[in-house]
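Right, one structure below, let's go through it.
The values are calculated or read from the model by the stated rules, or taken from the named source; none is laboratory data. Here the structure is a predicted model, which means the values were calculated and not measured. Note that each Cβ is placed from the backbone with ideal geometry, even for glycine, and that neighbours are counted across all protein chains shown.
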Amino acid sequence: MSDRSRLALVVWTVLVSQVFLYPGLDEIVSVLGGGESILAGTWFLVAEFGAFVVCAVLWGIVSDSLGTRSPLVVLGAAGGAASYLAVVFAPSLGLGFGVVLLLRVVGGAFTIGAFSLSITMLMDLSGGHGRNMGAAGTAIGLGAALGSVVGGQLTGLDPLAPLYGGAVLLAGAAALAWTVPDRSAGGGLPVGTVITRVRTRPTLLVPFAFGYIDRLTAGFFALTGVAYFRDAFGIDAATAGFTLALFFVPFAVFQYPVGSLSDRIGRFLPVVVGSMLYGVTIIAVVFAPRYSIAAGLMVLVGICGALVSPTTMALVTDIVPASERGAAMGGFNVFGSLGMLSGFLVGGTVTELYGYLPAFLAAGGLEIAIAVLASREVRRITAPERGPSPGASNE
């Protein structure tokens, strides 16, 4: 198995372990002592995402400063596995739900290290930045698709089974990451130097902004999108899960070829035109008169989303040198985590106040708006491209 495949598998494994918990969230929270309120489930998710936001850049800075990544990926995955098991045993040890939330924060702090730095290790490979980020995007999409389906099945067996399963997967990710050679720039830089250099690259805000909006739409569909399909077409939970998979599967499958294509034609068209098409297809879903048409549009939404995701990550790789990739990808994941949280909040709040139509218009409109507003800056960043994009040499 190639290094690219092993690292993509690490990314996939970490993502699956996280998504395992989503389908049976109510049951898991109840068993852990949180009761049956929606607020308890919300805090259970926010605790982890909050740690993602705080710690993603920290892991990247430490990685760039030490000049190494692989041992940190192993540490992050192993720590995440231990935290999952700690959450499982918390009730039997007489620990309350507040302690469970604290353990979720600790687990999130570890897990984001494994996730973000395994993507950074993909950035360090030769063979084309778009191709490498396409592999990461495919792993993320397939992880979300499979994790939601299998997680629901595990919850049916035992509410705590997803936590056990997540711990096993994270332990496996740690073992697999240990086998991948470290190809970071080496040598390391002082922490202050890493922070200063990344802060003096304002062009990073462009892919960060696209990453924020893209993850916002993912969070929107995970919560509001599912609710819309159930309310508008009267489908059950299983069919809603299948409908969500209609988005995630093409979103995953097309990212690798799109990333490779962007190494040849440049990033501008996939990022800018792809974002516009993505926004249009999101809005089109809410106007579909029948379920079959709406479901078909979800496939198009996934394909259009696949145009944007790997190429924005590749832009990060294009902008920064190898010695700053850890911090840069950490920043990208901070914006992504904030986007996911915003997707939950924007979708839920707008739907509650104004209905589904304005909510879909808001989500799709934001995607179109970022493409229009940032198109000139994307053009400027990608202007040096002549034929193959940076990093497009063969491995």
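Residues in segment 343-365 that are buried (at least 19 other Cβ atoms within 10 Å of the Cβ) and small (Gly, Ala, Ser) were compared, and the one that is nearest to the chain's Cα centre (by Cα) is 343.
For the condition of a type outside the set (A, V, I, L, M), closer than 18 Å to residue 57 by Cβ and part of a helix (DSSP H, G or I), residue 148 does not qualify. Only one entry in 100, 168, 53, 74 is at pLDDT below 90, among the hydrophobic types (A, V, I, L, M, F, W, C) and in a helix (DSSP H, G or I), namely 53. So, residue 284, is that one in a helix (DSSP H, G or I) and over 23 Å from the mean Cα position of the chain (by Cα) or not? Yes; evaluated as a whole, the condition is true for this residue.
Annotation: residue 292 fulfils all but one of (1) under 19 Å from residue 220 (Cα atoms); (2) surrounded by fewer than 19 Cβ atoms within 10 Å (Cβ to Cβ); (3) among the small types (Gly, Ala, Ser); (4) at pLDDT 85 or above; the unmet one is (1).
Look at segment 41-58: where a residue is closer than 15 Å to residue 31 by Cα and a partner is at pLDDT below 85 and part of a helix (DSSP H, G or I), sitting 6+ places away or on another chain with Cβ atoms under 8 Å, you get 41/25; 41/26; 44/25. Tell me, yes or no, whether segment 30-50 has at least one residue that is under 27 Å from residue 216 (Cβ atoms), of a type in the set (S, T, N, Q) and surrounded by 17 or more Cβ atoms within 10 Å (Cβ to Cβ). No, the conditions are met nowhere in segment 30-50.
Screening the candidates 236, 214 for the property of being free of Cβ contacts under 8 Å to residues at least 40 places away in the same chain and of a type in the set (D, E, K, R) yields one hit, 236. In the set (1) of a type outside the set (D, E, K, R); (2) farther than 30 Å from residue 68 by Cα; (3) touching a helix residue (DSSP H, G or I) at 6+ places or on another chain (Cβ under 9 Å), the condition left unmet by residue 289 is number (3). Just to be sure, is residue 27 in a loop (DSSP other than H, G, I, E, B), modelled with pLDDT under 90 and surrounded by fewer than 20 Cβ atoms within 10 Å (Cβ to Cβ)? In short, no. Checked against the criteria, residue 257 counts as more than 30 Å from residue 353 (Cα to Cα), of a type outside the set (A, V, I, L, M, F, W, C) and surrounded by fewer than 16 Cβ atoms within 10 Å (Cβ to Cβ). Contact map, segment 310-332: residues that are part of a helix (DSSP H, G or I) paired with residues that are at pLDDT below 80 and of a type in the set (Lys, Arg), Cβ distance under 6 Å, separation 6+ or inter-chain. Pairs shown: 324/197.
Just give me the residues in segment 241-254 being surrounded by fewer than 21 Cβ atoms within 10 Å (Cβ to Cβ) and among the small types (Gly, Ala, Ser), in sequence order. Of everything in segment 241-254, those that are surrounded by fewer than 21 Cβ atoms within 10 Å (Cβ to Cβ) and among the small types (Gly, Ala, Ser) turn out to be 241, 245. Here is a list of conditions, (1) under 30 Å from residue 129 (Cα atoms); (2) over 22 Å from the mean Cα position of the chain (by Cα); (3) in a helix (DSSP H, G or I), and residue 12 meets all of them except one; can you say which number that is? Answer for residue 12: the failing condition is (2).
Given the structure, is residue 357 free of Cβ contacts under 8 Å to residues at least 40 places away in the same chain and of a type outside the set (Gly, Ala, Ser)? Full working, then the answer.
Values: free of Cβ contacts under 8 Å to residues at least 40 places away in the same chain: no; of a type outside the set (Gly, Ala, Ser): yes.
The answer is no for residue 357.
Looking at segment 105-130, which of the residues that are among the β-branched types (Val, Ile, Thr) and touching an Asp or Glu at 6+ places or on another chain (Cβ under 8 Å) is surrounded by the most Cβ atoms within 10 Å (Cβ to Cβ)? Outline the logic, then answer.
Pass one, segment 105-130, residues among the β-branched types (Val, Ile, Thr): 105-106, 111-112, 119-120.
Still in the running and touching an Asp or Glu at 6+ places or on another chain (Cβ under 8 Å): 105, 111.
On the way: 105: 17, 111: 29.
Among those residues, the one meeting the criterion is 111.
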